[in-house]
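The block underneath contains the structure these notes are about, expressed in structure tokens.
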Amino acid sequence: MQGRHPHPHTTTPISEVILPKRGKKRGSYSCGRCGVPKKGHVCNFPKNLNPIDNPSPNPDSSLLSSPPSVVRPQPPPPMPQRHVLPQLRRALSFDDVDVNDSPGSDDDGEFSDLDNESDLVGSGSGIGTLPSSCLWEVFKRLPPPALLSSARVCKGWSETSRRIWKSAVELRLRVPVNAQIGLVGSVLKKCPGIVKLSLRLESDIDATMLACIAFSCPKLDSMEILMCNSVNRITGDELGRFVAEKRCLANLKMEGCSNLGGFTLCSTSLSTLSLSDLYCHAKMVFNCPNLKDVSLDFSHQENDTTDLTLMVDGLGRSCPRLQNIHIASIRLTHAVVLALTAANLRGLRMLSLVLGSEITDASVAAIASSYSSLELLDLSGSSISDSGIGMICNIFPETLSKLLLALCPNITSSGIQFAAAQLPNLELMDCGMTISDPDLDNPTTQENNDLQLQRTPNSKQHLIYQKLIIKHTCLKKLSLWGCSGLDALYLNCPELNDLNLNSCTNLNSERLLLQCPNLECVHALGCQDALVGTLKNQVCTDFMAVEDHSHCKRLPDGSKRIKVPDLFSPQPTDKKNKRISKRCCTVLVN
């Protein structure tokens, strides 16, 4: 039985499993008192003394509760469990589990430390027990619901489950509607070593939740609060107090910040800050000298009274180490850009000013004169033109790798082609809704537009229907979604792996040419059926045109050569001796 498992079709008698084996019927060949062979031996030792059991007088022998037996070498004591069970870190996700399913905190601390327990853990003794190390490896792979259920089986399993919870450093928790704060606290109490916490709230949140997190997670480094059809009632003072008390907090992301009002954030550890749904903030003070990444998304309501110029001015003065700035607001103006450029942030690498319709080419000139080392520039929703793109190409020809100019109606295909030609390190370009005509996107005037195109001169057609030619060696992602004014597209981008052509309704299938061997995904939602068919034909060919490597052999009579069937010929390979495979590209139309 040891070392091998019984055959599944055989059964083991219960007597071999439960009943002890009977002893030998024959006697011993040695004397029970002195150990000498019995044959021809007369023992001189008295019957009440056993030299094998008691080779020397022992004053503590009287403490034995049962008669002594033959001494056998004892196995070494088991190693402490802290050496048997490596404290592996793991992340627990409760995205699909309600917090109501978790057991309360009454089970915590029921059992003694694992170091005082045996190395064998199971639901009983003997058969069915597992080494603690094996049980640990099994438990750490269980999803949280199964881990919670296994803790109710027995003492050993509960202790191992407690150890798993205690070793977790990342927790993703979904809080359902009308969930009690005590249940959330009981789950957080099981994970005192949590470093990263993500909460998806389906119920309203207030300062009580912040207090619970602050008390239960003393080592918290990163916190994310996502709102799902719920209301965030946390005020600015409460958030500022939480950030000031959590001296280890480095990353903070919170949605639904419409009720913050005025706030002051003071922290020497905070490096990443993301706040969304901001609305009508009278005072916004950031006293975070180590802040590097900031993302502020404001509400799109026109009656927002937040003074962005004052906010940006204070942000630039009190956070000198900023590297990435993202601000999305319809109240972004040229004055806000001037306040940002006056801060002279030398380490700025990413600048994203989205939905600022009053940002013009003059704003681009101010940005280019102050920050010449930008790697990402996002001016989507602005009013810049092809001249602004020219300034961008003149200042950032070597550093810029990501350029996003979506929803910029003053940009034409000429400006996009110029950017692709002048920015050799460009890897991502987003030009969605740039080459478009609002009349073409309106179905009520589609028939009138068709008649108008037949009567207008060629210059008018050029303004509506444009062609785009891009040849780039580093470009990996290109987005042309919503470019309804695009008629022809020619791409020669060997590194391109993602192409977005959603809602390119007027793109002609006969004027489409894609020379992109590494394409993995093409988005074609809302495109014509003929264009979708052309896309599939062009992206599902072989990676490259290979020569015919089929071997030839002569007929038995030696008259002529014939090709060896593919079954017996080696597969075509490239120069690096790798098998040529077909392109794995997906065309998404749903």
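Quick notes on this structure:
- Against the list (1) surrounded by 10 or more Cβ atoms within 10 Å (Cβ to Cβ); (2) part of a loop (DSSP other than H, G, I, E, B); (3) at pLDDT 60 or above, the condition Ser569 fails is (3).
- The range 277-308 - residue that is of a type in the set (Val, Ile, Thr) and open to solvent by 50 Å² or more (accessible area, probe 1.4 Å) and, of those, farthest from His334 (Cα to Cα): Val285
- Exclusive hit being on the phi > 0 side of the Ramachandran plot and in a strand (DSSP E or B), set Asp277, Asp297: Asp277
- Scanning the range 309-322 for residues that are within 30 Å of the chain's Cα centre (by Cα) and surrounded by fewer than 18 Cβ atoms within 10 Å (Cβ to Cβ) yields Pro320, Arg321.
- Of all residues in the range 120-142, those satisfying the criterion of being at pLDDT 65 or above, open to solvent by 50 Å² or more (accessible area, probe 1.4 Å) and not in a loop (DSSP other than H, G, I, E, B) are Leu130, Cys134, Glu137, Val138.
- Leading residue by the ranking (surrounded by the fewest Cβ atoms within 10 Å (Cβ to Cβ)) among those in the range 503-530 that are within 14 Å of Val589 (Cα to Cα) and in contact with an Asp or Glu (Cβ under 9 Å, 6 or more places away or on another chain): Ala530
- Among the candidates Leu252, Leu210, Leu220, residue that is modelled with pLDDT of 95 or more and either in contact with a His (Cβ under 7 Å, 6 or more places away or on another chain) or within 28 Å of Ser167 (Cβ to Cβ) (or both): Leu252
- Yes/no for Asp361 being in contact (Cβ under 8 Å) with a residue 40 or more places away in the chain and of a type in the set (Asp, Glu): no
- Taken together, the criteria place Lys253 among residues that are surrounded by 16 or more Cβ atoms within 10 Å (Cβ to Cβ), closer than 22 Å to Ser267 by Cβ, out of contact with any helix residue (DSSP H, G or I) (no Cβ under 7 Å at 6 or more places or on another chain) and among the basic types (Lys, Arg).
- Residue within the range 242-263 that is over 26 Å from the mean Cα position of the chain (by Cα) and among the β-branched types (Val, Ile, Thr) present: no
- Qualifying residues in the range 382-405 (those that are under 31 Å from the mean Cα position of the chain (by Cα) and surrounded by fewer than 22 Cβ atoms within 10 Å (Cβ to Cβ)) - the one modelled with the lowest pLDDT: Glu398
- Flag if Ser198 is in contact (Cβ under 8 Å) with a residue 40 or more places away in the chain, of a type in the set (S, T, N, Q) and farther than 15 Å from Cys288 by Cβ: no
- Check on Val184, open to solvent by 30 Å² or more (accessible area, probe 1.4 Å), out of contact with any Phe, Trp or Tyr (no Cβ under 9 Å at 6 or more places or on another chain) and either at negative phi or free of Cβ contacts under 8 Å to residues at least 60 places away in the same chain (or both): no
- Checklist (1) touching a helix residue (DSSP H, G or I) at 6+ places or on another chain (Cβ under 7 Å); (2) closer than 23 Å to Asp204 by Cα; (3) hydroxyl-bearing (Ser, Thr, Tyr) applied to Ser267, failing item: (2)
- Residue match in the range 476-489 (condition: crowded, with 22+ Cβ neighbours inside 10 Å, closer than 16 Å to Lys536 by Cβ and not β-branched (Val, Ile, Thr)): yes
- Residues (part of a strand (DSSP E or B) and either among the hydrophobic types (A, V, I, L, M, F, W, C) or under 18 Å from Leu468 (Cβ atoms) (or both)) located in the range 362-414: Leu376, Leu377, Leu403, Leu404
- Residues satisfying the stated conditions in the range 497-510, i.e. more than 17 Å from Gly432 (Cα to Cα) and either of a type outside the set (Ser, Thr, Tyr) or at pLDDT 95 or above (or both): Asn497, Asn508, Glu510
- Residue satisfying all of: in the range 143-179; within 14 Å of Ile213 (Cα to Cα) and in contact with a helix residue (DSSP H, G or I) (Cβ under 8 Å, 6 or more places away or on another chain); surrounded by the most Cβ atoms within 10 Å (Cβ to Cβ) among these: Val175
- Checking every residue in the range 192-207 against the condition of being in contact with a Leu (Cβ under 8 Å, 6 or more places away or on another chain) and assigned to a helix (DSSP H, G or I) gives zero matches.
The values are calculated or read from the model by the stated rules, or taken from the named source; none is laboratory data. Because the structure is predicted, anything quoted here is derived from the model rather than measured. All Cβ positions, even for glycine, are placed from backbone atoms using ideal geometry, and neighbour counts span all protein chains on display. Side chains included, ligands, DNA and RNA excluded: accessible areas come from the protein's heavy atoms. Shrake-Rupley method; radii C 1.70, N 1.55, O 1.52, S 1.80 Å.
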